[in-house]
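Enquirer: Sending over a structure as structure tokens; questions will come in a sec.
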Amino acid sequence: MLQIGDKLVSLDLVERWFCCDLDACHGDCCIEGDAGAPITKEEYQKIKELVPVVWDRLTPRAQEEIARRGVGYIDQEGDLVTTIVDDRDCVFTCYAPGGMCQCALEKAFEEGKSDFRKPASCYLYPVRVKKYPTFTAVNYHRWKICRPAEALGRKLGIRLYQFLKEPLIAEYGQEWYDELCLICEEYLRQYPSD
């Protein structure tokens, strides 16, 4: 683990290669799994406000679920998460031609209709953040759908911490990210990995 302030960062962020390969995975992280995306109470409120902005992008089933259950719920682990459709798809998943998953919230942001990109847990993915009383754990969530991203990252020479530059800066600030880079570069000098 690497420590930067009160953040404990998994060595996976420096050792693993990563670059999303949407042509290979089609954004399946939006539709795979047994719970929605983790969200904060503040994000929950913001997302509720954005429902009218993104409503027309949502699938009819997603619209039904939001009308019935709202934009979020408490999952089996006690975490607040986005509502899902048919026990798997995030309700904010929309589709590009060819079936590529997209985020309706992010599309609204990109079009200037919102100042909210998407939940931090989605922006930081495949990193998962867990807050404890005295520190925050920053870990890589490894699973099969991201194997193409690991292969592409290796091919392009992009480490996970480099791929996540913008979301890590958005979450923890430029100074924190700069320190992470220095520590990662020093680590790789001392412990080169393939």
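The values are calculated or read from the model by the stated rules, or taken from the named source; none is laboratory data. From a predicted model like this one, the values you see are computed outputs, not experimental measurements. Reconstructed Cβ throughout: ideal geometry from the backbone, glycine too, with neighbour counts over all protein chains shown. To get the accessible areas, we keep the full protein, side chains included, count just its heavy atoms, and leave off ligands, DNA and RNA. Shrake-Rupley method; radii C 1.70, N 1.55, O 1.52, S 1.80 Å.
Enquirer: Calculate the spin-label point distance for ASP87 paired with GLU32, positioning each point 7 Å from the Cα along the beta-carbon direction, and give it in nanometres.
Expert: Result: 1.8 nm between the two label points.
Enquirer: If amide hydrogens are placed 1.01 Å from N in the peptide plane, which non-local residues have theirs closer than 5 Å to the one on GLY72?
Expert: THR83
Enquirer: While we're looking at this one, here's another question. Cross-chain or 8 or more residues apart, Cα under 23 Å: how many lysine pairs in the chain fit that? Count them up, please.
Expert: 29
Enquirer: Please give the per residue accessible area of the chain, computed with a probe of 1.4 Å over protein heavy atoms only, in Å².
Expert: 56
Enquirer: Leaving out ligands, DNA and RNA, what percent of the accessible area of the chain is carbon and sulfur, probe 1.4 Å? Could you put the intermediate results ahead of the total?
Expert: Details: 5420 of 10820 Å².
Using a 1.4 Å probe with all protein chains present, the chain comes out at 50 percent carbon and sulfur.
Enquirer: Sequence-distant or interchain residues sharing an amide H contact under 5 Å with THR136, placed H: which?
Expert: Placed amide hydrogens put LYS7, LEU8 under 5 Å from THR136.
Enquirer: Moving to a separate point now. Of all the stretches in the chain, which is the longest one without any exposed loop site, taking GluC sites (Glu not before Pro) in a DSSP loop (any state but H, G, I, E, B) with at most 11 other Cβ atoms within 10 Å?
Expert: 112-194
Enquirer: With the Cα gyration tensor of segment 80-171 giving a ≥ b ≥ c as the square roots of its eigenvalues, does the rule (a/c under 1.5 for rounded; else a/b larger than b/c for prolate; else oblate) give rounded, prolate or oblate?
Expert: Because its axes are fairly even, with a/c under 1.5, segment 80-171 counts as rounded.
Enquirer: Distance in nm between label sites at MET1 and THR136, each 7 Å beyond Cα in the beta-carbon direction?
Expert: In this crude spin-label approximation the distance works out to 1.5 nm.
Enquirer: Turning to a different aspect of this structure: So what is the calculated 222 nm ellipticity per residue for the chain, using -39500 (n - 2.57) for each DSSP H run with n of 4 or more, over all residues, to the nearest 500 deg cm²/dmol?
Expert: Computed mean residue ellipticity for the chain: -11500 deg cm²/dmol.
Enquirer: If you don't mind, there's one more thing I want to ask. Which residues' amide hydrogens lie under 5 Å from the amide hydrogen of HIS141, considering only partners 5 or more residues apart or on another chain, with H built in the peptide plane?
Expert: So HIS141 has HN proximity to VAL127, ARG128.
Enquirer: So, one more: Tell me whether segment 119-194 comes out rounded, prolate or oblate; compute the Cα gyration tensor, take square roots of the eigenvalues as a ≥ b ≥ c, and use a/c under 1.5 as the rounded threshold.
Expert: In terms of gyration-tensor shape, oblate.
Enquirer: How far, in degrees from 0 to 90, does helix 147-156 lean away from the longest principal axis of the Cα atoms of the chain, to the nearest 10?
Expert: 50
Enquirer: Using only the alpha-carbon atoms, how far is helix 174-190 inclined from the longest principal axis of the chain? Give it as 0 to 90 degrees, nearest 10.
Expert: Between helix and principal axis, roughly 50 degrees.
Enquirer: Calculate one ³J(HN,Hα) per residue across segment 92-103 by plugging θ = phi - 60° into the Karplus curve 6.51 cos²θ - 1.76 cosθ + 1.60, and present them in order as whole Hz with x for glycine and proline.
Expert: Working through the residues one at a time gives 8, 6, 10, 10, 8, x, x, x, 5, 5, 9, 9 Hz.
Enquirer: When you have a sec, figure out the Kirkwood radius of segment 1-110 from all distinct Cα pair distances and drop it here in Å to one decimal?
Expert: The answer is 15.5 Å.
Enquirer: With the Cα gyration tensor of the chain giving a ≥ b ≥ c as the square roots of its eigenvalues, does the rule (a/c under 1.5 for rounded; else a/b larger than b/c for prolate; else oblate) give rounded, prolate or oblate? Write out the running numbers ahead of the final one.
Expert: Numbers: a/c = 2.03, a/b = 1.59, b/c = 1.27.
Prolate shape, in that a/c is at least 1.5 and a/b is the bigger ratio.
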